[in-house]
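Input: a single structure, listed below in structure tokens.
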Amino acid sequence: EADAGEYTCDTGDQQTTAAVLVKALPVLFKHWLKNEEVEEGRTALLHCELTKPNAPVEWRKGDTVLQTGDKYEIRQEGTRVELFIYDAEAQDA
């Protein structure tokens, strides 16, 4: 990506140029999500680990995309991605 482009070796009398293409590796899971059981009113934590740091991720419950707010907190540090579900209720299952 940042290193992709044309590179030239120049002797003064001659030069040769080549293109470098950098193929992005897919983001894979190193550690998958695990089922969690939490008491009502407590905080549930789901976490997984990716092969690429700070890769864009989206958390969903069913088809609903989750956003950080009073109910949910999304944290991402390096390859670790976490979802906190605060004040767990039956409908959060």
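Throughout, read-outs are computed from the coordinates displayed, never taken from laboratory work. All of these numbers come straight from a predicted model, not from anything done at the bench. In this analysis, Cβ positions are derived from the backbone assuming ideal geometry, glycine residues included, and neighbour counts consider all displayed protein chains.
Could you check segment 20-76 and list, in sequence order, the residues that are within 30 Å of Ala4 (Cα to Cα) and more than 10 Å from the chain's Cα centre (by Cα)?
Selection gives Val20, Leu21, Val22, Lys23, Ala24, Leu25, Pro26, Lys30.
Please go through segment 1-45 and give me each residue that is within 23 Å of Asp92 (Cβ to Cβ) and either in contact with a Lys or Arg (Cβ under 8 Å, 6 or more places away or on another chain) or hydroxyl-bearing (Ser, Thr, Tyr) (or both), ordered by number.
Thr43 - this is the single residue of segment 1-45 that is within 23 Å of Asp92 (Cβ to Cβ) and either in contact with a Lys or Arg (Cβ under 8 Å, 6 or more places away or on another chain) or hydroxyl-bearing (Ser, Thr, Tyr) (or both).
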